[in-house]
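Have a look at the structure below, then the notes.
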Amino acid sequence: MIAMIFLFRHNWNRFAKLYRTHEPPPPHFSRMERGSVGWVYYKSTLNVGVSAKGIYLSVFPLFSFGSPPLLIPWSAIRKIEPANSLFIERFQLYLTEPNVKLIIRKEVLEPAKEYLATQGFEWI
């Protein structure tokens, strides 16, 4: 259990050094999503939002262990590709810094179409 908490904190804190935010969640916000941030898979504890500024990530407060919300700008995404599982359409978003990927459901990213198009991504 302690190793899992350490892994969770270490991974999230790497992101927080670059993308920590004090902004409130954006209007397009989904709570208790499943997805991956780097090495860690969040099973119904990841909150994801999209805005013109970027993708907003936070962890359900009961499981956040003091991890701050993140706002990753669209310009930090270098590549997007499908990561579909049996019945769920998902996408892998590869970041430039740190060199890791996010995996998020397609429906959650739908409102981001126009923002990603300005970055040259035509994926949905």
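If you go through the stretch 40-62 and keep only what is at pLDDT below 80 and within 12 Å of the chain's Cα centre (by Cα), you end up with Val40, Tyr41, Tyr42. Consider the stretch 74-110 and keep the residues that are basic (Lys, Arg), more than 20 Å from Ala16 (Cα to Cα) and outside any helix (DSSP H, G or I). The one that is nearest to the chain's Cα centre (by Cα) is Arg105. In the stretch 104-116 there is at least one residue that is surrounded by 18 or more Cβ atoms within 10 Å (Cβ to Cβ), among the hydroxyl-bearing types (Ser, Thr, Tyr) and out of contact with any strand residue (DSSP E or B) (no Cβ under 6 Å at 6 or more places or on another chain). The single condition among (1) charged (D, E, K, R); (2) part of a strand (DSSP E or B); (3) modelled with pLDDT under 85 that Glu122 does not meet is (2). For the stretch 82-106, a residue qualifies if it is in contact (Cβ under 8 Å) with a residue 40 or more places away in the chain and of a type in the set (D, E, K, R), and the qualifying residues are Arg90, Glu97, Lys101, Arg105. Taking the stretch 84-97, which residues are surrounded by fewer than 19 Cβ atoms within 10 Å (Cβ to Cβ) and closer than 16 Å to Gly54 by Cα? Gln92, Tyr94, Thr96, Glu97, listed by residue number. Restricting attention to the stretch 2-26 and to residues that are at pLDDT 80 or above and closer than 24 Å to Ile88 by Cβ, the residue that is surrounded by the most Cβ atoms within 10 Å (Cβ to Cβ) turns out to be Phe15.
The values are calculated or read from the model by the stated rules, or taken from the named source; none is laboratory data. Source: prediction; values computed, not measured. All Cβ positions, glycine included, derive from the backbone under ideal geometry; neighbour counts span all protein chains shown.
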